[in-house]
Amino acid sequence: MARISTYDKYPAVAVAGMEHACVAGWDEIAKRLAPRRKKWVIAIDTYPGALDDEVLPAIQSRLRPSTTILSSDAQLSEQTILDLTAREFRAEDAVLGRMTTRSLIELFDPAAIDRIRSQVRETASGILLVYGVGASLLCEPDLLVYADLARWEIQRRQRGRLVHGIGVNDSQATAWEQYKRGFFIDWRLADKHKNAIWKRIDLLLDTNAPGKPKLVEMAAVREGLKCCISRPFRVVPFFDPGVWGGQWMKEVCDLPRDAKNYAWCFDCVPEENSLLLGFGEHRVELPGIDLVFQHPRELLGEAVYGRFGAEFPIRFDFLDTMDGGNLSLQVHPLTGYIQQNFGMPYTQDESYYLLDAAGDACVYLGFKPNVEPEAFIAALDAAQASADAPLDAERFVNKIPAKKHDHFLIPAGTIHCSGKNSMVLEISATPYIFTHKLWDWGRLDLDGRPRPISIHHGKHNLQYDRDTNYVMARLVNRVEPIAQGDGWREERTGLHEAEFIETRRHWFTGSVPHETGGGVNVLNLIEGAEITVESPTNAFEPFVVHYAETFIVPAAVGAYTIRPSGPSIGQECGTIKAFVRTRA
């Protein structure tokens, strides 16, 4: 932790030849939206979470439309929408719902849509502004603008009670309830709708930073996404505090020192992270998942796309407990359980790779021999019911010492958690929030409320035969030498045979040959200050990566090399690479 941070918190992909495609500020944006004929219909379709109280008045005051139509006026009543989405929302569960298969238009009144469409057609002149979620469903605009923002910015606004769900007044609900509605319902509807209109969008409105809007030509955005799939790139990391959070990322990633802690960093979760595209002096932020939706074959590869569809199946994130506390004791659902109960096709198999560890670091993993399920569940229930009966976790669960560069494999159904004084690079599949917390060490969350506990789900997934012997033989440091060359060696470190992700670690002082093999690669620099990723055929410009940075190499890249550079020349560096195993 004594190193000088070179971690890039705002990585961007520069889009050559598009330097003038973007403008910033409401005055310049209004000029781009100005009418070009007597009757001018502008639809500003918004992602749920846009700040309507900022965006709409800013546009109205500058364009002075003769008519403004709000998409919310065409939506079904709030109660009808609540009833329609009750199965997905699952009010009886504090955290988890079910992935919706509905479409956005189902939340609208067909008669209201017809009435608005007729009103737009029959208006002879003037500026008609149609605004809101699904605005493009209500008209055939002369200019279609999409107001977008990243998932993590939406969550910030939910915590500040600044936004609400589609057609429901839940701005005063808890952040968990808002997130649940967004994750299982609203974001699914909005993503499906955005994909359907993607080719029709004329301009993208970046609304991530309140008061700092940017407008970019959609042709330039499409060109930017094409740039990403032909070269290594990074998404924008997001850092967040937590009740167990630590201090490591403050130093290594150069974060504000006045924050109490940082627990999480989503360093490669395209659905959650954003993507920065550079247009001259401006940087436009859009959801990373847009790249997955628009270029799944080039990004993921045919085999991965054929297996998962337009989903990015590999997740890299940081869990910082240095000078912090234990994570919650938890389990992830088995594949059959997540499919039947939550509508997800695959589950969150994962692993912990130790980027760093103090002398007392540990990982809780698997059961001790002969644990009786009934006794364990009774102990969990008692701990949850009374502060006078805390769980004696070490009576039931293995507590394994952990050191830097250890790799712990955690297939679904395995009880686990990272202990304090660890810096974990979590490498996992990507079903996001399906963690069944069993015991949280008697803590309250940062908001002063108990963290949601899911014993009722977890008990159906715990695999008691993953005991001490199983864990030590099959889940801890399963390192196998694979290959070596001039100045490099390759090791397989996992994952478990039940998991679809393969991980390879390279140690090197020279140039290492890599090949995507027709599938997406995700890597992190686990040792060394700096490396450079290059194309043997100069297909992309050299790409510099710093310590602890995660980067993506699209399947379409094919061959690439990695070598130490800058201060790391002459020193041994290390990377860990994850990819989807090819089916036999």
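The values are calculated or read from the model by the stated rules, or taken from the named source; none is laboratory data. The structure displayed is predicted, hence computed values, not measured ones. Positions of Cβ are generated from backbone atoms using ideal geometry, with glycine treated the same way; all protein chains shown enter the neighbour counts. What goes into the accessible areas is simple: the full protein's heavy atoms, side chains included, and nothing from ligands, DNA or RNA. Shrake-Rupley method; radii C 1.70, N 1.55, O 1.52, S 1.80 Å.
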If Ile59 meets every condition in (1) within 27 Å of Val284 (Cα to Cα); (2) assigned to a loop (DSSP other than H, G, I, E, B) apart from one, which number is that one?
(2)
Tally time: how many residues in segment 31-47 are closer than 25 Å to His193 by Cα and open to solvent by less than 60 Å² (accessible area, probe 1.4 Å)?
9
Checking the structure you have, find out if any residue of segment 46-53 is out of contact with any helix residue (DSSP H, G or I) (no Cβ under 8 Å at 6 or more places or on another chain), without any contact (Cβ under 8 Å) to a residue 60 or more places away in the chain and among the acidic types (Asp, Glu).
yes
Name the single residue, out of those in segment 245-264 being assigned to a helix (DSSP H, G or I) and touching a residue at least 24 places away in the same chain (Cβ under 8 Å), that is most open to solvent (accessible area, probe 1.4 Å).
Glu251
Any residue that is surrounded by fewer than 17 Cβ atoms within 10 Å (Cβ to Cβ) and either of a type in the set (D, E, K, R) or in a helix (DSSP H, G or I) (or both) - is there at least one of those in segment 7-15?
yes
Cβ pairs under 9 Å, 6+ apart, first in segment 509-526 and under 19 Å from Pro313 (Cβ atoms), second open to solvent by 20 Å² or more (accessible area, probe 1.4 Å) and hydroxyl-bearing (Ser, Thr, Tyr):
Gly517/Thr582; Gly518/Thr582; Gly519/Thr582
Return a yes/no flag: does segment 189-203 have any residue that is part of a helix (DSSP H, G or I), of a type in the set (S, T, N, Q) and open to solvent by 10 Å² or more (accessible area, probe 1.4 Å).
yes
Give the residue, chosen from Val476, Val544, that is under 24 Å from Thr347 (Cα atoms) and either touching a residue at least 60 places away in the same chain (Cβ under 8 Å) or open to solvent by 30 Å² or more (accessible area, probe 1.4 Å) (or both).
Val476
Kindly indicate which of Leu444, Leu462 is in contact with a strand residue (DSSP E or B) (Cβ under 9 Å, 6 or more places away or on another chain), more than 30 Å from Ala259 (Cα to Cα) and touching a residue at least 12 places away in the same chain (Cβ under 8 Å).
Leu462
Filtered residues of segment 21-30 (kept if open to solvent by 50 Å² or more (accessible area, probe 1.4 Å) and out of contact with any helix residue (DSSP H, G or I) (no Cβ under 9 Å at 6 or more places or on another chain))
Glu28
How many residues of segment 152-175 are open to solvent by less than 20 Å² (accessible area, probe 1.4 Å), touching a helix residue (DSSP H, G or I) at 6+ places or on another chain (Cβ under 7 Å) and among the basic types (Lys, Arg)? The answer is 0
The number of residues in segment 100-125 that are part of a helix (DSSP H, G or I), polar (S, T, N, Q) and surrounded by 17 or more Cβ atoms within 10 Å (Cβ to Cβ) is 0
Considering each residue of segment 244-269, count those that are in contact with a Leu (Cβ under 6 Å, 6 or more places away or on another chain) and modelled with pLDDT under 95, and give that number.
0
Go through segment 281-323 and give me each residue that's among the charged types (D, E, K, R), more than 22 Å from Arg151 (Cβ to Cβ) and surrounded by 20 or more Cβ atoms within 10 Å (Cβ to Cβ).
Glu298
Does at least one position in segment 457-466 carry a residue that is over 26 Å from the mean Cα position of the chain (by Cα), in a loop (DSSP other than H, G, I, E, B), surrounded by fewer than 16 Cβ atoms within 10 Å (Cβ to Cβ) and modelled with pLDDT under 95?
no
Matching residues, segment 489-513, being farther than 30 Å from Tyr470 by Cα and surrounded by fewer than 21 Cβ atoms within 10 Å (Cβ to Cβ):
Thr509, Gly510, Ser511, Pro513
I'm told Tyr305 meets every condition in (1) at pLDDT 95 or above; (2) within 24 Å of Ala555 (Cα to Cα); (3) out of contact with any Pro (no Cβ under 7 Å at 6 or more places or on another chain) except one. Can you identify the failing condition by its number?
(3)
Contact list please: Cβ distance under 6 Å, first residue in segment 273-294 and closer than 16 Å to Ile229 by Cβ, second residue charged (D, E, K, R) and modelled with pLDDT under 95, pairs at least six apart or on different chains.
Ile289/Glu271
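Condition check ((1) hydrophobic (A, V, I, L, M, F, W, C); (2) open to solvent by less than 10 Å² (accessible area, probe 1.4 Å)) across all residues:
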site	(1), (2)
Phe367	yes, yes
Pro373	no, no
Asp392	no, no
Pro401	no, no
Pro411	no, yes
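Determine whether Gly242 is touching a residue at least 60 places away in the same chain (Cβ under 8 Å), part of a loop (DSSP other than H, G, I, E, B) and among the small types (Gly, Ala, Ser).
Yes; evaluated as a whole, the condition is true for this residue.
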Flagged in segment 48-99 as over 30 Å from the mean Cα position of the chain (by Cα), open to solvent by 40 Å² or more (accessible area, probe 1.4 Å) and more than 25 Å from Ala112 (Cα to Cα), in numbering order, are Ser61, Arg62
For segment 435-451, does any single residue satisfy the condition of being buried (at least 23 other Cβ atoms within 10 Å of the Cβ) and among the small types (Gly, Ala, Ser)?
no
Gly278, sole failed condition from (1) in a strand (DSSP E or B); (2) touching a Leu at 6+ places or on another chain (Cβ under 9 Å):
(2)
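Yes or no: segment 140-160 includes at least one residue that is more than 23 Å from the chain's Cα centre (by Cα) and over 30 Å from Leu277 (Cβ atoms).
no
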Inspect all residues belonging to segment 286-307 and state whether any of them is assigned to a helix (DSSP H, G or I), within 22 Å of Pro48 (Cα to Cα) and among the charged types (D, E, K, R).
yes
